[in-house]
Each structure stands twice: as structure tokens, then as C-alpha cells.
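K.L.:
Following this message is one structure expressed as C-alpha cells.
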Ligand code: DLL
């Protein structure tokens, strides 16, 4: 793999500024953001007033912890535009969550917000090793989802040659990579695996492709999966994180030269980690729920938003801005099985450590009697894995899960193609348990 480390002179000065400079800028911007939210969004006025807090009470960054949280239902309750802090006609772009599990969440951006978003995504793409003039295959979905258009904004700002292929039509994805010869690909890790399968189906060696870096996010993925993808494509694989409520892709990004967690672009997004049960801040470096406060957003300021993503904060390395460790999972995706907490990433780790299996999986939860049961559906790596070898792989993986997570699960190994493929975010959990 090529060394893609960006030149120091190409970075935004704030990326490598001193902590004092970063914190001074954060404090000034946080004061503005709290006031802007309080003065322009009735929800924030009511929520601050109810907590007995006023924007003027913020004297230091630590004071933020005295302000109330914002949660997903607050956004749903204010559907569609009541969380906007500017007149509707100043909103240049609207995105929304798919709304498959209820009321969609709607977010808005002014022209300035779009410029800031472009700049943090450009920074992220540069941290991945992309340079002006490089070609990008952008396979994140275009539409109300922030992935496709968000990456596109930043790619334009960095000066890449981008083609908006979006997700789906997998044979065409491979064809375009083969014909156009992009340097980078932006895609969910699970869809990257579908593209990988398609390379094999077309008899093309992915290691001979032009790709030098893959920029993967929008769903959890493990370091074991990173190695698998890097090996399969002979390219770097780096992690990009974000959520629509806070901006979209580009809230934090891993640097290609260090691959040691994601630097949060702290000049725009202020992170905290709290204990999800008590809501109290945890000690530095401890695991908990990630909470974000926007520092510059005009149309949709967000104060102490509980992301439900679990991670921990670490000091800066390749950049001065703090890092978040790879996300373990969302608290919503945490499975509680017979009293044990399990995340799909733990199943992914066991799968990646088992020989003879492909990196695709789905978890099925059911309740045949009184006890909840978990079945992990995987598939064999290739058609040569049959009979005894399949049973062996299933046993090895079940034993690994028992060892690392402490529960007994049933592992089933299907034929090649037996696990449903994603074209965007993978559906990891199918819950067949009776509701209520
Ligand atoms: O997924 C934005 C995005 C697009 C990020 C493209 C990266 C690349 P939402 O659809 O609002 O936005 O979903 C946000 O996805 O709260 C996490 O649970 C999860 N997520 C996003 N990036 C990562 C990541 C986009 N790198 C939700 N690792 C977040 C783990 C991620 N989970």
C-alpha cells in the first residue's frame, strides 16, 4: 500500500493548532451557539428555562454539562421544521432520516452551513489521503440520506473528480471502478463487501484495481474487518463518522497515516461522553455515550445531543483534535440476551477470527419457548467449504462467542450468497421476538 500521508502544509491550521487555541475558539463559538439556539428555537428556550439555565451561564467549556440534553424524540416532536433557527427561506438544503421506525427526523442547512460541511468533509477526505485532482467513486446513497450529497460537497471543495454512482447496481460499480480507475471509494463497509463479491463474480482481481483508499462509515465495523478489506483490495481502509442530526458524514475522521481512531473536527462539533444510565460525564478515556453540541450551525443548532453511539474520547495524535475510538455500536442495537449485553461488532469479531467463513452475517433473535435465542447466520467463504468443514466453522465461531461474550448461540453456515446483502447500511439484527 502506498504512503498517502498528507503534507503538513496542506492541512487547515486549526487541525494542528495548540489545545489552548482550539479551546479558546470552542468557548467563543459555544457561547454563540447556545445563544443562537435559545433566541431562535422555542424548544431550546423552554428546555433551558426548565433546567434553570441561560446561555449567559456558560463561562467555561465545562459549564456545558449543566445544560439539558436533546434527544431524538425532541426532534420528532418538532417535526418538520420547528427545530430550525432561521427563517425557512434561509434554509438552503434539507435532509431527513428514512423514517422507517417512525416519524422521520428532518435537518436543515443554510448556505454557510453547507460551506462548513464541505470544509470538514474536504478535511476528512484529505486525511484519508485524497488530493486535489484525484478521482473518487462515491457509492454512498444520494437522496435524503446525508452520505452521498455530504461526501460530494466535500469532494468538490477539495477539488476531486467525483462521480456520483450512489448505492446499488453492483455489477456497474465494478465496471466503473475497472474503467474509470478511481483512487478512492466512499461506501459503507458492508456494501464494500458486496462489491468485493462482484469483483470475483466478474473474474477481476480487486488487488489489481486502481483503488488506493476506501473511506468507510455510516455503520459500525471492526478493526478485523479493516484488515480483511485492506487485504482483499490491497488498499488503505479508514473510518469516517457522522450523523445527520449533527451534520452528516465528516463529524470525525480517521487519518490514513495513523488509523488509530477518529479525530473529531472540534472547531465545529464539541464532544462529551456520558454514562448512558445516569447522564453524568464520565472520566477522561472511559467508555460511554457520545454527546455532541454544534458550534457553528445556523439552520439547525444542536445542543448536547445524545447520539446513543458508544465510544470513548482519546487525546489527539496525527492532529491536535481529540479522537473517538471506533464506535462499538449504538445503544439501540445492543442485544440483551439472557442478561448479557451483546453488540453486533462482537459477533463480527468472532466471525472474522473463524476460518472458512465469508465476512457477511445477520443475527436473528427469537423466543421459541420462554427463553430468547440468538441465531447467527453466516455463509461459507467459497463452494469448497462443505459438510464437515462447515460444521467445524460453525462450532469454532460459536465457541469463540461463548468465550468472548459468554453466551451460547446457534451459528448456521449457509451457501455462498445465503446472507442478505446491503446496498447501504447493513441490517444486522432481525428481531422475531413477540413485541411487548
Ligand atoms: O450515517 C452519516 C454518514 C454517512 C456517516 C456516510 C459516514 C459516512 P445517519 O444516517 O444519520 O448519518 O446515521 C448516523 O450511523 O449515529 C452511528 O450510529 C452510525 N454511524 C455513522 N458513521 C459511523 C461509523 C450517517 N463510522 C448513525 N462507525 C450514527 C459506526 C457509524 N457507526
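K.L.:
Does region 113-120 contain at least one residue that is touching a strand residue (DSSP E or B) at 6+ places or on another chain (Cβ under 6 Å) and over 27 Å from residue 77 (Cα atoms)?
P.N.:
yes
K.L.:
Sticking with this structure for a sec: Which one of these is within 14 Å of the ligand (Cβ to nearest atom), part of a strand (DSSP E or B) and touching a residue at least 60 places away in the same chain (Cβ under 8 Å): 214, 250? Give the steps one after another, and end with the answer.
P.N.:
On the way: 214 fails: touching a residue at least 60 places away in the same chain (Cβ under 8 Å).
Only one candidate qualifies: 250.
K.L.:
Would you say residue 292 is assigned to a loop (DSSP other than H, G, I, E, B) and within 14 Å of the ligand (Cβ to nearest atom)? Steps first, answer last, please.
P.N.:
Numbers: assigned to a loop (DSSP other than H, G, I, E, B): no; within 14 Å of the ligand (Cβ to nearest atom): yes.
Against the criterion (assigned to a loop (DSSP other than H, G, I, E, B) and within 14 Å of the ligand (Cβ to nearest atom)), residue 292 does not qualify.
K.L.:
While we're here: Looking only at region 300-318, how many residues end up being away from the ligand (no atom under 16 Å from the Cβ) and in contact with a strand residue (DSSP E or B) (Cβ under 6 Å, 6 or more places away or on another chain)? Before the answer, list the steps.
P.N.:
Of the residues in region 300-318, the ones away from the ligand (no atom under 16 Å from the Cβ) are 301, 303, 315-318.
Okay, now just the ones that are also in contact with a strand residue (DSSP E or B) (Cβ under 6 Å, 6 or more places away or on another chain), so 301, 303.
Count: 2.
K.L.:
Quick one: residue 273 ticks every box in (1) assigned to a loop (DSSP other than H, G, I, E, B); (2) within 16 Å of the ligand (Cβ to nearest atom); (3) at negative phi except a single one, so which number is it?
P.N.:
(1)
K.L.:
Given the structure, is residue 58 crowded, with 16+ Cβ neighbours inside 10 Å and over 15 Å from residue 302 (Cα atoms)?
P.N.:
Values: crowded, with 16+ Cβ neighbours inside 10 Å: yes; over 15 Å from residue 302 (Cα atoms): yes.
Criteria met by residue 58.
K.L.:
Ok, one more. Mind listing whichever residues of region 78-91 are part of a loop (DSSP other than H, G, I, E, B) and free of Cβ contacts under 8 Å to residues at least 40 places away in the same chain? Explain how you work it out, then say what you get.
P.N.:
So the first thing to find is which residues in region 78-91 are part of a loop (DSSP other than H, G, I, E, B), and the list is 78-87, 91.
If the condition is that a residue be part of a loop (DSSP other than H, G, I, E, B) and free of Cβ contacts under 8 Å to residues at least 40 places away in the same chain, then 78, 79, 80, 81, 87 are the ones that fit.
K.L.:
Hey, another quick one. Can you tell me which residues in region 81-102 are more than 17 Å from residue 298 (Cβ to Cβ) and loosely packed, with under 15 Cβ neighbours inside 10 Å? Give the derivation first.
P.N.:
Quick first cut of region 81-102, residues more than 17 Å from residue 298 (Cβ to Cβ) only: 96-102.
Passing the criteria: 98, 99, 100, 101, 102.
K.L.:
Sticking with this one: Among the candidates 245, 219, which residue alone is out of contact with any strand residue (DSSP E or B) (no Cβ under 8 Å at 6 or more places or on another chain) and either closer than 20 Å to residue 290 by Cα or crowded, with 22+ Cβ neighbours inside 10 Å (or both)?
P.N.:
Values: 245 fails: out of contact with any strand residue (DSSP E or B) (no Cβ under 8 Å at 6 or more places or on another chain).
Exactly one of 245, 219 is out of contact with any strand residue (DSSP E or B) (no Cβ under 8 Å at 6 or more places or on another chain) and either closer than 20 Å to residue 290 by Cα or crowded, with 22+ Cβ neighbours inside 10 Å (or both), namely 219.
K.L.:
Another one. Residues to consider are 147, 184, 154; find the one that is over 20 Å from residue 226 (Cβ atoms), within 15 Å of the ligand (Cβ to nearest atom) and buried (at least 23 other Cβ atoms within 10 Å of the Cβ). Working first, answer last.
P.N.:
Working: 147 fails: over 20 Å from residue 226 (Cβ atoms); 184 fails: over 20 Å from residue 226 (Cβ atoms).
Within the list 147, 184, 154, the selection yields 154.
K.L.:
Give region 1-13 a look and list any residue that's touching a helix residue (DSSP H, G or I) at 6+ places or on another chain (Cβ under 7 Å) and surrounded by 14 or more Cβ atoms within 10 Å (Cβ to Cβ), or say none.
P.N.:
Listed by number, the residues that qualify are 6, 12.
K.L.:
If a residue has to be within 15 Å of the ligand (Cβ to nearest atom) and surrounded by fewer than 18 Cβ atoms within 10 Å (Cβ to Cβ) to count, how many in region 331-348 make the cut?
P.N.:
Result for region 331-348: 3.
K.L.:
Sort out which residues of region 106-121 are free of Cβ contacts under 8 Å to residues at least 60 places away in the same chain and under 19 Å from the mean Cα position of the chain (by Cα), and write them in order of number. Quick ask: steps written out before the conclusion?
P.N.:
Taking region 106-121 as the starting set, the residues that turn out to be free of Cβ contacts under 8 Å to residues at least 60 places away in the same chain are 106, 111, 114-115, 118.
Scanning region 106-121 gives 106, 118.
K.L.:
While we're here: Residues in region 367-399 that are touching a residue at least 24 places away in the same chain (Cβ under 8 Å) and surrounded by 15 or more Cβ atoms within 10 Å (Cβ to Cβ): how many? Break it down into steps so the answer makes sense when it comes.
P.N.:
Going through region 367-399, the residues touching a residue at least 24 places away in the same chain (Cβ under 8 Å) turn out to be 367, 371-383, 385, 389-390, 392-393, 396-397.
Checking the rest, the ones that are also surrounded by 15 or more Cβ atoms within 10 Å (Cβ to Cβ) come to 372-381, 385, 389-390, 392-393, 396-397.
Looking only at that region, the number is 17.
K.L.:
Quickly run through region 410-431 and pick out the residues that are more than 13 Å from residue 193 (Cβ to Cβ), more than 16 Å from the ligand (Cβ to nearest atom) and in contact (Cβ under 8 Å) with a residue 60 or more places away in the chain.
P.N.:
Within region 410-431, 430, 431 qualify.
K.L.:
Could you please find all residues in region 123-154 being more than 17 Å from residue 218 (Cα to Cα) and part of a helix (DSSP H, G or I)?
P.N.:
Restricting attention to region 123-154, the residues satisfying the condition of being more than 17 Å from residue 218 (Cα to Cα) are 123, 126-127, 129-136.
Selection gives 123, 126, 127.
K.L.:
Same structure, new question: Within region 187-209, can you find the residues that are free of Cβ contacts under 8 Å to residues at least 60 places away in the same chain and not in a helix (DSSP H, G or I)?
P.N.:
Residues satisfying the conditions are 187, 202, 203, 204, 205, 209.
K.L.:
Moving on. Away from the ligand (no atom under 16 Å from the Cβ), assigned to a helix (DSSP H, G or I), without any contact (Cβ under 8 Å) to a residue 24 or more places away in the chain and farther than 30 Å from residue 213 by Cβ: is that true of residue 62 in this structure? Lay out the reasoning, then the answer.
P.N.:
Working: away from the ligand (no atom under 16 Å from the Cβ): yes; assigned to a helix (DSSP H, G or I): yes; without any contact (Cβ under 8 Å) to a residue 24 or more places away in the chain: yes; farther than 30 Å from residue 213 by Cβ: yes.
Judged against the criteria, residue 62 is a match.
Each reported figure results from applying straightforward, stated rules to the coordinates on display, with no laboratory input. Predicted model only: the values in this text are computed from it and were never measured. Neighbour counts run over all protein chains shown; Cβ positions are idealised from the backbone, glycine included.
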